Structures are given as structure tokens and as C-alpha cells.
Amino acid sequence: MTQVNKERMLAEFKEIVALPCHGLQERPVFDLLKGKLEAMGFTVEEDNAGEQLGGNCGNLWAFLPASEGCEKAPCVLLSAHMDGVEPCGGTTVVQRDGVLYSDGTTILGGDDKSGVEAILEGIRLILEEGTAHGAIQILFTICEEGGVNGSRCMDKSKLRADVGYALDGEGAPGEIIIGAPGQKKYKIEIIGKTAHGGLEPEKGINSIMIAAKALADVQRYGRIDEETTCNIGIIGGGKATNIVPDLVTIEGDARSRNKEKLEAICSEIVDTIVNSAQKYGAKAEAAVEHKYSSFSVAEDSEVVRLAKASCAEHGFAPAITVTGGGSDANFFNAYGLPSVILGTGMSNVHTVDEFIKEEDLYNSALMVHGILKAAAK
């Protein structure tokens, strides 16, 4: 039975999460991974996503040709993102009862260094065993957090895989996410009129009060149905207590795995706020940005079949599911590459309470190993 090198995996995971990985500042992680992949025989390239986004490095692409006799096997893309949410980098990993935590001053970084480490170790297992494999493509992205921008700006011409796996799910290894929502973000400015709040408030138009009334007119928010959600997440305005505020900004997003529902709920919220603000005497301006499209992969597709075969190989119970969040897989599918998201066991992500079970970290590498082995067959 194939077994991971637990000591190696743990040491390498600690090494990676200790590096600075702020969004658009991922160069230390890039350089480390570049060296590791080249040592395994990969050809490594960098695209210009960083230049487009104003960062210090682009996405990392790596390619390893098929072993002899497996040239016709499907090429597998393995992907994870290099950035983390704040506070990140400089992480000290604390081991307690088979679980990995940070010391509480930073996130752990399992999102998504658990995916990065699983890819590295899973490939090493294949190579060290001398197991036959098809072509392997790796994409480690920048700036996934806060908008999935690294894959949005990636060099699509570099894609050469037949199936894709983003190791970026919170479920345990064996989780196979076959659907995710699209997202639209909106920003609405409610424009009133400034005046002195003590001397002549009647000459002003209070944008904060009008924003409150307009928001109260929104009838649907939060969970709309099983595949649709929306949220108003940011509101800001005002300069001082003695000044009638003339500007309030409202920001939010809408998500759905159904394109028509996404369009409908986003329009409903934006139109309600804009029309209400105008009704109450203010001006209103809205901007809506399409962030990414939804995807849905058939359960009987090749990309899912290979993941299931890996589960069978290593004794994991496959869990086919969908998610409410976006990931790099949204763009892979949009660019024509059938892709799913795999769970790595990360928990309490985006908080300093984040943790991951050591067993899940090790088993994620076995999922990668099993997929590559199944593809070669």
C-alpha cells in the first residue's frame, strides 16, 4: 500500500506556510515552489498575471511529460493558490493531538497550502514508485482570495490539460465538488447634499437616512434558495456629526449556480436601492461587475471518474457535492477545461482559529497519487 512520507510532508508544509504570501506579494512562495518542481523534473514558467494585477509575480505553470508508454493518457492539471488572507505569513505551526494549528497570531495557511503540499507529495509518490503516469500540468495561482483574480488573468494559451483539479475544498479528502456559483458584485452610491447639521440641516439631503430607508425596502437577501444567495456587506459614509452627509456607498454581491437567478436577484437588489433612493430625494448611481461564471460538471464525466477511482484506490468514501463559493475551478471550466474542486480538510479558514487534521493533509496527497495513477490506466 502506498504511504506518504509524513515527516517530509509536515516539514515542507511548515516551510511553505512560514513564507510571506500576501495577495499580489507571493514571490517568496513562487520561488520556493519553482525550485522544488524543477528538482522533480518539471519545466516551470511564469505568466503575466502579476503584471496585469500589479503584483510581484505571476501564476506558476509547470509541466512534466508522460512517462514512456503513457503518451495517450489524459493530461491532468493540478492546481492550488499561493496567497492567503490576512494575517498570513510567518506562521508558526502548532501540533496538538494530530491536528495542526497556528499559534493564534496568524492564519494557519491550510487554505491553500494544504493543496500545494498535497500536489507536491502526491507527485513525488508517483515518481519515487516509478509508477507510469500521463502528462502532468501544475498551476499555482496568485491572488485567489478576494476575487479569484489570478486565474481570471492567467495565460489561457498555456492550458494543455484534459481534466483539472483545484485542491481548495474544506471537506475531507474524498470530497468532489462538481458545481459552484457565479458571482456578481455591485456598488451603489447614494448622493445627497451637504449642509451644516446645526445651523441649516434643512438645506441638506441626508444620504445616510435615505440609504437606511432604501435598504429597508430590500425584501430578499441572504439565502434565496438552495443555489442562490446575496449579501450586502459594506456600507460607508459621513464625515462628521455636524455635517449632513452627502454620500453613502453600499457594496454587496450575489451568487447563484443558475445564471438567470443570478441576474434576477442582483438586478432586484440594485434596482430596489436605486429607485428607493431617488424616491426619497437623493440621486443614485450603481455599478455591477461580473466576477465569474458558475460551473456544473456531470457526475459521470471523466474528471469525476478519475477522482472516484482515486478514492477506491486509497479507501476514501467519495462525497459528490456542490459549493456556495467561487474558486479557480470556475475559470478553468469557463476556459473549456472540465474541472472539479477536491477537499483537503481545511477548517475554520480565514480565521486565526484555522486548523487541519494531519491525517487529512496526508490523505490529500494520496488523492493526487490515485488520480495520476488512474489517468495512466
Projected-area average for the chain over all orientations - Cα convex hull basis, square nanometres = 20.3 nm²
Degrees between helix 6-17 axis and first principal axis of the chain (Cα, 0 to 90, nearest 10) = 30 degrees
All alpha-carbon distances of the range 36-161, grouped into 5 Å bins from 0, give the whole-percent distribution 2, 10, 17, 20, 17, 14, 11, 6, 2, 0
Return the lysines within reach of LYS34: Cα separation strictly under 26 angstrom, same-chain partners fewer than 8 residues apart disregarded; answer none if there are no such residues.
-> LYS6, LYS14, LYS113, LYS156, LYS158, LYS373
Could you sort out which of LYS36/LYS308; LYS308/LYS357; LYS36/LYS291; LYS239/LYS279; LYS261/LYS357; LYS239/LYS283 sit more than 26 Å apart by Cα distance in this structure?
-> LYS36/LYS308; LYS36/LYS291; LYS261/LYS357
When N is the residue count of the range 270-339, what does its C-alpha Rg come to as a fraction of 2.2 N^0.38 Å?
-> 1.87
Can you give the extra length, in nm with one decimal, that the chain gains between GLU299 and THR194 once fully stretched, where that is 0.36 nm per residue apart less the Cα-Cα distance?
-> 32.1 nm
Against the longest principal axis of the chain, how steep is helix 207-216, in degrees 0 to 90 to the nearest 10, with axes from Cα atoms?
-> 60 degrees
For the range 77-138, shape from the Cα gyration tensor axes a ≥ b ≥ c, cut at a/c of 1.5 then a/b versus b/c, turns out oblate
Provide, as a two-decimal number, the C-alpha radius of gyration of the range 18-65 over 2.2 N^0.38 Å, N being how many residues it has.
-> 1.16
Could you tell me which GluC sites (Glu not before Pro) in the range 40-126 are loop residues by DSSP with no more than 14 other beta carbons within 10 angstrom of their beta carbon?
-> GLU68, GLU71
So the angle from the long Cα axis of helix 259-279 to the longest Cα principal axis of the chain, reported in degrees to the nearest 10, equals 20 degrees
Three-way shape call for the range 108-152 based on the alpha-carbon gyration tensor, with the a/c threshold at 1.5 | oblate
Which whole-number percent gives the relative contact order of the range 245-327, counting Cα pairs below 8 Å spaced six or more residues apart?
-> 24 percent
Excluding same-chain residues fewer than 8 positions from LYS377, which aspartates and glutamates have a Cα within less than 12 Å of its Cα?
-> GLU71
How much accessible area per residue does the chain have, in Å², with a 1.4 Å probe?
-> 42 Å²
Taking every pair of Cα atoms in the range 222-377, average 1/r, invert it to obtain the Kirkwood radius, and report Rg/Rh to two decimals.
-> 1.13
Computed ³J(HN,Hα) along the range 47-55: with the Karplus parameters 6.51/-1.76/1.60, θ = phi - 60°, integer Hz and x for glycine or proline, the list is 8, 9, 4, x, 5, 5, 9, x, x
Low-density loop positions, GluC sites (Glu not before Pro), the range 165-271 - DSSP coil, at most 15 other Cβ in 10 Å | GLU226
Taking Cα pairs closer than 8 Å and at least 6 residues apart, the relative contact order of the range 261-377 in percent is 26 percent
Quick one: go through the range 321-362 and flag any residue whose amide nitrogen is under 15 Å from the point 7 Å out along the Cα-to-Cβ line of MET40.
-> 362
Cα shape, the range 305-353, gyration tensor, a/c 1.5 rule | oblate
Computed [θ] at 222 nm, deg cm²/dmol, the chain (DSSP H ≥ 4; -39,500 (n - 2.57); rounded to nearest 500) | -10500 deg cm²/dmol
Relative contact order for the range 41-115: what is it in percent, counting Cα pairs under 8 Å that are at least 6 residues apart?
-> 22 percent
For the range 293-342, state which GluC sites (Glu not before Pro) are in a DSSP loop and have at most 14 other beta carbons lying within 10 Å of their beta carbon.
-> GLU299
The range 186-212 scanned against label point 7 Å out from LYS283 along Cα→C-beta; backbone N under 16 Å for 188-195, 204-208
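The values are calculated or read from the model by the stated rules, or taken from the named source; none is laboratory data. What you see is a predicted model; the values in this text were computed from it and never measured. All Cβ positions, glycine included, derive from the backbone under ideal geometry; neighbour counts span all protein chains shown. When the accessible area is computed, the model is the full protein with side chains, heavy atoms only, and any ligands, DNA or RNA have been set aside. Shrake-Rupley method; radii C 1.70, N 1.55, O 1.52, S 1.80 Å.
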